[in-house]
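Only one structure is covered here, and it is reproduced in the block below.
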Amino acid sequence: MVSVVGIVGAGTMGSGIAQVCLAAGQQVRLHDLDPAAALAAQARVRDGLDRWVAKGRMSAEARDAAMDRLELVDELGAAATQADLVIEAAAEDAVVKGRIFAALDAVAGPEVVLATNTSSLSVEACALATRRPERVIGLHFFNPAPLMELVEVVGATRTAAPTSELALDFVASLGKTAVYCSDAPGFIVNRVGRAFVIEAVRMLEAGEGSVARIDAALEAAGYPMGPFRLIDLIGLDVDLAIDRILFEAFDEAERFAPPGLQAGLVQARLLGRKSGRGFYAYSDDGSTAPALEAGGEGSALSDVQIVERLELAIINEAYRAVEEGVASPPDVDIAMRLGAGHPHGPFERVDALGLRHVVTRLHELRELGSASAADQYTVAASLWQIATV
Ligand code: NAD
């Protein structure tokens, strides 16, 4: 059982994770290189808990007790002292993480489990920086951590079963839902959900749909936000960086190739909401308007075709991830619903559409040779196998 949690890195994620742990009754020892960041995190945690009190989700007494359980510590070693679990949520930089894991390993008791909140780096690399690889695991919380229900629990090659069990129990103790996955690039959500944004940009580039049309089609199909609104929110630069990481990790597989249109916008510093303009232009009065016209000469797709293209690409990637042993189909479904807000998981969607229909349409889209990457619609080997028995 985890009762004391050390957290290293008190930025957006570290403070959010601290809030969730404190609300669940755990003691938190929070460390940041920058003492001002730790103080700001303390204020954010207090703000977050105040909001829960205002909503009647917790009492003022429970909030005060939670704040009493938060300790800011100047030394990294102090974050690990007496902790059952330490979660690293510092910069997304392999060298920084390697140093933190080596330092934690030197000071933490031998039983302490060390976790990383990395989104895109290898959990294995963190494990190898320690002499306790069997007690190292990924705990991938989503932003904002106090609101998002999903946590991807990421097992590296030598993660031991008791470490995984502790991590799964810990996530449950926070009132969140865990899915278990292997240490593969993008884990589940960032990989399987990639087609939602990348295919949309390709459609726009090809002239197959406009920003407003594509977003409206997906929103009408039950997605909480169209792909362009989503990219604008994430930041075009941050989103493009995910494309690049996956493109490199998957041996430059075409389906992850960063779209030129988006790279151009990033170069022009049109980064989305944070810069006031991306795929939409954001006015001071709060209104938004599409900022780009559809490109190329492609023929416009219907709403049904737009949604189908994205969903089939997501389904195809889900099958690839499962055949590579990344996660089980039920966990992929849960991850896509809770982590990406999709109205259904990809395997649930196959059940609704029918396996043969999915394979036939993927095949047709591949043959059509639309503007998208050729491998996006090349039927995943396991899907092909199931469909042909
Ligand atoms: P952030 O920039 O908001 O915060 C990082 C904090 O870590 C900063 O306060 C910084 O001072 C501190 N830090 C840097 N090096 C340190 C060190 N050596 N020791 C102690 N503290 C150090 O970043 P973030 O968005 O909170 O992301 C943190 C981690 O969580 C990253 O690995 C990121 O990939 C991952 N993550 C981020 C998101 C997201 O949407 N922001 C979602 C999931 C996972």
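The numbers here are math on the coordinates, done by the rules we state, and not lab data. Predicted, not measured: the structure shown is a model, and the values here were computed from it. Counting neighbours? That spans all protein chains shown, and the Cβs are built from the backbone with ideal geometry, glycine included.
Laid out as a table, the results:
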{"read-out": "Rounded to whole Hz, the Karplus (6.51, -1.76, 1.60) HN-Hα couplings of segment 289-306, x for glycine and proline", "value": "8, x, 9, 9, 8, 4, x, x, 10, x, 7, 4, 8, 6, 4, 4, 5, 4"}
{"read-out": "Charge sum, other residues only, whose C-beta stays under 15 Å from residue 376's C-beta, Lys/Arg counted +1 and Asp/Glu -1", "value": "-4"}
{"read-out": "Packing-based ranking, highest mean first, of 129-141, 16-28 given that Cβ atoms within 10 Å are counted", "value": "16-28, 129-141"}
{"read-out": "Cα-based Rg and Dmax for segment 190-290, where Dmax is the largest Cα-Cα distance (Å)", "value": "13.1, 45"}
{"read-out": "Fraction of antiparallel bridges per DSSP, segment 131-279 only, in percent to nearest 5", "value": "45 percent"}
{"read-out": "Estimated vicinal HN-Hα couplings, Hz - segment 355-362 in sequence order (Karplus 6.51, -1.76, 1.60; Gly, Pro = x)", "value": "4, 5, 4, 4, 5, 4, 5, 4"}
{"read-out": "For segment 291-326 and segment 331-354, distance of Cα centres in Å", "value": "15 Å"}
{"read-out": "Segment 25-98: trypsin sites (Lys or Arg not before Pro) in DSSP coil with no more than 16 other Cβ atoms inside 10 Å", "value": "55, 57"}
{"read-out": "Those lysines that a straight Cα-Cα span of less than 24 Å connects to residue 176, excepting residues fewer than 8 apart in one chain", "value": "55"}
{"read-out": "Ellipticity estimate at 222 nm from DSSP helix runs (n ≥ 4, -39,500 (n - 2.57)) divided over the chain, nearest 500", "value": "-15500 deg cm²/dmol"}
{"read-out": "Amide H contacts of residue 88 (H built 1.01 Å from N, under 5 Å, at least 5 apart or other chain)", "value": "8, 115, 116, 117"}
{"read-out": "Mean separation of Cα contacts under 8 Å (6+ apart) over length of segment 243-389, as relative contact order %", "value": "20 percent"}
{"read-out": "Those GluC sites (Glu not before Pro) in segment 257-339 that DSSP places in a loop and that have at most 15 other beta carbons within 10 Å", "value": "293, 297, 324"}
{"read-out": "Qualifying GluC sites (Glu not before Pro) for segment 219-281 [loop in DSSP, other Cβ within 10 Å: at most 13]", "value": "252"}
{"read-out": "Karplus 3J(HN,Hα) series, Hz, for segment 265-281 with 6.51 cos²θ - 1.76 cosθ + 1.60 (x for Gly, Pro)", "value": "5, 5, 4, 7, 6, 8, 9, x, 3, 5, 10, x, 7, x, 6, 10, 9"}
